[in-house]
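Remarks on the structure that follows.
Rule-based calculations on the coordinates, nothing more; no lab input. What you are looking at is a predicted structure, and each value in this text was computed from that prediction instead of being measured. Here the Cβ positions follow ideal geometry from the backbone for every residue, glycine too, while neighbour counts run over all protein chains shown.
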DNA sequence: TTCTCCGGTTTCCTTTGGTAACTAGCTTTC
DNA sequence: GAAAGCTAGTTACCAAAGGAAACCGGAGAA
C-alpha cells in the first residue's frame, strides 16, 4: 500500500485537498445535496458566481467523481447536476466548514477589527 | 440579530468561508494543532510552501483570530505561532477535509482517469 | 418584433499565487 | 578569516487563475 500524506508536495492528496478546500465547491455541493439542480438554478442560488467559474467548478467536480452531469434532449437542452455517492461522503465534512463560517463570522470580524486597530496604532506611533 | 447566509455574495460569511476553505490554512492549522511552531519549522514541515505564501497565510490567520503570533527577543529573533481557542473550534472541521483527501485520493484519481478516457474517446470519434 | 430562457464559451482585464533573490545579524564550519 | 547557514520575513517579477461582460443558437412568450 502506498503512503499518502498531505504534507508532501508531490503527493496526489495535495491536489485533492486543493480541489475540495474551495469556496465554490463547498457552496455547489451544499446546493446539490438538496437534490438535482440545473445550471442556471445553481447560478441563481449561489449569489455572485459567474457562469465561467460555475462551469469550471462543475467540470472539476465531475472529473473528480464528486458530481454527476445528466443532459436531457429537451428543447432547449436541460442539464441536471447531482451529487455522486463519493461526493456524499465528502458533504458532511465540507458542510461543517460553511456552518462554522456562519456561526463564527462575528468572532472573526471582531478579531479583524482588533488586529486592524492595533496595526493603525503602530503606524501612528511611527 | 442579523441574518448571515453563505449564499449571499455580500454577506461577510463569504469572506470567512473564502479564508478557511484554503489548502494552506488547512495544513498550517494541522501542524499548529500539535503545538506552538516557529516559522521555519512550519516551512520545513509543509513541503512545497514558499516563504511568501506562508507569511501571507499566517498573517491572514492571525488577523482572523485563528492563530496567535509571539515573538521572543532572542538572537536571532524567534517567532512562535499557535492556535487560538477560536482556531481550535475550527480545527476539527478542517482536519476532516485533509483526512477525507487522504482516505479518498485513490477513488478520486480513478474517477479522473475514467473522465479523461471518456473525453479522449469523444475526441477520437470526431 | 423584442425579451427571456436554456447552458454554456470567449474575450479581456485584474488579482492572486508562486519562484527566486535579497535583507540583516549572529553562529557554526572549514 | 572567510564562507556558509541559521533566524523571519520582504521584494521584484512572471505565470496562472478569477471575475465581468459580451456572445452563441434556438425556442417560447409578450
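Listing for the model above:
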quantity	calculated
Relative contact order (%) - criterion: Cα under 8 Å, at least six apart; region: the stretch A:57-97	32 percent
Over 21 Å [Cα-Cα, the stretch A:1-68], rounded percent	31 percent
Top of A:75, A:16, A:83 by mean-square fluctuation, Gaussian network on chain A, Cα under 10 Å	A:75
Helix axis angle, A:85-125 relative to chain A longest principal axis, alpha carbon, degrees	20 degrees
Value of [θ]222 nm, deg cm²/dmol, for chain B, DSSP H segments ≥ 4, -39500 (n - 2.57) each, nearest 500	-21000 deg cm²/dmol
Nearest 10 degrees, 0 to 90: helix B:51-63 Cα axis against chain B principal axis	70 degrees
Cα centroid of the stretch B:1-63 to Cα centroid of the stretch A:60-117, whole Å	18 Å
Calculated label separations, residue B:36, copies of the chain, 7 Å along the beta-carbon direction, nm	5.6
Gyration tensor verdict on the stretch A:73-113 (Cα atoms; rounded if a/c is under 1.5, prolate if a/b is larger than b/c, oblate otherwise)	oblate
Copies compared at residue A:7 - label distances in nm, ascending, label defined 7 Å from Cα in the Cβ direction	4.1
Beta carbon of chain B nearest to the axis of the rotation taking B to A, residue and angstrom distance	B:21, 3
For the protein assembly as shown, the Rg and Dmax computed from alpha carbons only, in angstrom	20.3, 72
Helix B:23-32 axis, angle to chain B major axis (alpha carbon atoms, nearest 10°)	40 degrees
Chain B: most fluctuating residue of B:63, B:38, B:14 per GNM, C-alpha cutoff 10 Å	B:14
Fluctuation leader among B:21, B:111, B:92 - chain B, Gaussian network, Cα springs under 10 angstrom	B:111
Shape box of chain A [Cα atoms, principal axes, largest first, Å]	68, 44, 25
Label geometry 7 Å along the beta-carbon vector: residue B:71 inter-copy distances in nm	5.8
